Amino acid sequence: MRIVTFNVNSIRAHLENVLNWLDQFKPDVLLLQELKCQSEQFPYAPFEDRGYNIEVFGQKSWNGIAILSKFPIEDVTRNIPGFEDVQSRYIEAFTGGVRVASCYMPNGNPIDTPKFDYKLDWMKALTSHLEILQTYDEPIVVAGDFNVVPKDRDAKNIENLRNDAITQPPVRHLFEEWTEHWTDALRSTRDEDIYYTFFDYRAGGRQRGILLDFFLLNKQAKEMLKDSGIDETPRDQPKPSDHVPAWIEL
């Protein structure tokens with residue numbers, strides 16, 4: 001099974017780019033973030049024509065996540081259980097024998113504002129939910145745009161991000177807590193490789209790469225893990241997202 005996470009930065013604006021890549025890569029499960037559309041505005045037809053079942057948790061103009069799968073999708077949860085949130089940032093479901101979650105974590109900028117407080121509250125709520133998921137007797141994959149730079153090596157120009165929410169010690173600490181109990185799939189299979197999944201649109205953006213997208217695997221999913229990586233192909237095609245897809249093979 002091939003599972004992909006992809007922040008598309010507006011599914012309608014970058015639909016052709018996403019579909020062209022999808023036809024080449026052909027994942028079994030596709031976890032999308034930053035749809036920037038309401039659920040009823042999602043372009044279901046071209047994905048359904050390619051054999052995908054779809055669950056969307058959209059939001060007007062902002063946020064929005066989705067799960068697309070070649071398998072039936074069951075037991076769908078929208079929002080982190082127990083966390084009241086008006087923003088569409090988390091969807092979870094069981095599909096193809098694996099429980100998957102698509103996450104779009106808050107950016108949190110600027111720091112020293114309620115936006116950063118919200119980021120920490122959201123991450124703490126996910127921490128509590130991950131503890132519950134650890135009790136499940138099934139493989140689980142939690143993936144998406146985490147808006148965290150765990151280590152300095154995870155950004156091409158880390159000095160430019162010292163005052164950014166994505167590098168702050170409390171944010172890094174929460175990510176470290178997660179990886180004490182969950183496997184960071186990209187680092188698990190290729191720890192020495194340099195990965196970047198975000199490249200901004202400014203001139204020279206490819207020289208300012210940042211690793212923001214991750215897979216967290218529980219014990220059962222880790223035992224199934226064969227390989228992982230990223231695919232920069234869509235970023236070199238017309239009308240790309242500022243993120244590139246990351247993938248795992250179970």
Exercise. Which is within 28 Å of GLU232 (Cβ to Cβ) and among the aliphatic types (A, V, I, L, M), of LEU212, LEU133?
Worked result: LEU212
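Just to check your reading of the model, which residue among ARG12, ARG2, ARG50 is under 19 Å from ASP213 (Cα atoms) and among the basic types (Lys, Arg)?
ARG2
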For this session: Tell me, yes or no, whether region 132-153 has at least one residue that is farther than 23 Å from VAL244 by Cα and hydrophobic (A, V, I, L, M, F, W, C).
Result: yes
Exercise. Which members of region 107-136 meet the condition of being touching a helix residue (DSSP H, G or I) at 6+ places or on another chain (Cβ under 9 Å), more than 26 Å from PRO27 (Cα to Cα) and part of a loop (DSSP other than H, G, I, E, B)?
Worked result: ASN107, GLY108, ASN109, PRO110, ILE111
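Quick one: is VAL76 touching a residue at least 60 places away in the same chain (Cβ under 8 Å), touching a strand residue (DSSP E or B) at 6+ places or on another chain (Cβ under 8 Å) and among the aliphatic types (A, V, I, L, M)? Full working, then the answer.
Values: touching a residue at least 60 places away in the same chain (Cβ under 8 Å): no; touching a strand residue (DSSP E or B) at 6+ places or on another chain (Cβ under 8 Å): yes; among the aliphatic types (A, V, I, L, M): yes.
For VAL76, the condition - touching a residue at least 60 places away in the same chain (Cβ under 8 Å), touching a strand residue (DSSP E or B) at 6+ places or on another chain (Cβ under 8 Å) and among the aliphatic types (A, V, I, L, M) - is not met.
Read-outs: derived from the displayed coordinates by stated rules, not from any lab. Here the structure is a predicted model, which means the values were calculated and not measured. A quick note on method: Cβ atoms are made from the backbone with ideal geometry, for glycine too, and the neighbour counts reach across all protein chains shown.
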